[in-house]
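J.: Before anything else, here's the structure in question.
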Amino acid sequence: MSTLEVIGLVIMLAVCGFTWFRGGSTERRAALAVSFAWIASTVADMDWWTGVQWGILVIDAALAAFLVWLSTQSRRIWPAVAAAGVVLIVLTHIAFLTSASMRQAGFFTVYYLWSYLVLGAVLWGGVTAARRRKA
């Protein structure tokens, strides 16, 4: 596991842990799904620097489908932002599949940028849910 993966895992656990304990049912479902997908992707990553990450693509596509569905069940905007972030991750996979000139380092740079957008949206959901509970 690379340093970048460890940092990402720690940030994800902090964000999803906070959201799990402070959020409502929508936030908890999103936090659980993102946590599961993140950890499963880490396990599925067989070789960080070579080839198409097929296992991660399948996991990300499933997460995208779930978050798109979740966003249709909520009146808040953060689930749609999280779903859009994961859809962008899936599109990044597709771009890598279709472009032989795209480098693995570039792929993972964009992948992590979109992943942090997803975590930001989940955190936004947790913070706003916690504020609603206090009000």
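The values are calculated or read from the model by the stated rules, or taken from the named source; none is laboratory data. Fair warning: this is a prediction, and the values are worked out from it, not measured in the lab. As a convention, Cβ positions derive from the backbone with ideal geometry for all residues, glycine included, and neighbour counts pool all protein chains shown. For accessibility, only protein heavy atoms count, side chains too; no ligands or nucleic acids. Shrake-Rupley method; radii C 1.70, N 1.55, O 1.52, S 1.80 Å.
J.: Can you find a residue in the stretch 71-86 that is farther than 22 Å from Thr128 by Cα and out of contact with any Lys or Arg (no Cβ under 8 Å at 6 or more places or on another chain)?
T.: Checking the stretch 71-86: not a single residue is farther than 22 Å from Thr128 by Cα and out of contact with any Lys or Arg (no Cβ under 8 Å at 6 or more places or on another chain).
J.: Thr92 versus (1) more than 27 Å from Val127 (Cα to Cα); (2) without any contact (Cβ under 8 Å) to a residue 40 or more places away in the chain; (3) open to solvent by 50 Å² or more (accessible area, probe 1.4 Å): which is the lone unmet condition?
T.: The single condition Thr92 does not satisfy is (3).
J.: Tell me, please, whether a residue that is surrounded by 15 or more Cβ atoms within 10 Å (Cβ to Cβ) and over 24 Å from Thr109 (Cβ atoms) can be found in the stretch 45-61.
T.: No, because not a single residue in the stretch 45-61 is surrounded by 15 or more Cβ atoms within 10 Å (Cβ to Cβ) and over 24 Å from Thr109 (Cβ atoms).
J.: Quick one: in the stretch 103-135, of everything that is among the polar types (S, T, N, Q) and more than 16 Å from Ser25 (Cβ to Cβ), which residue is most open to solvent (accessible area, probe 1.4 Å)?
T.: Among residues in the stretch 103-135 that are among the polar types (S, T, N, Q) and more than 16 Å from Ser25 (Cβ to Cβ), the one most open to solvent (accessible area, probe 1.4 Å) is Thr109.
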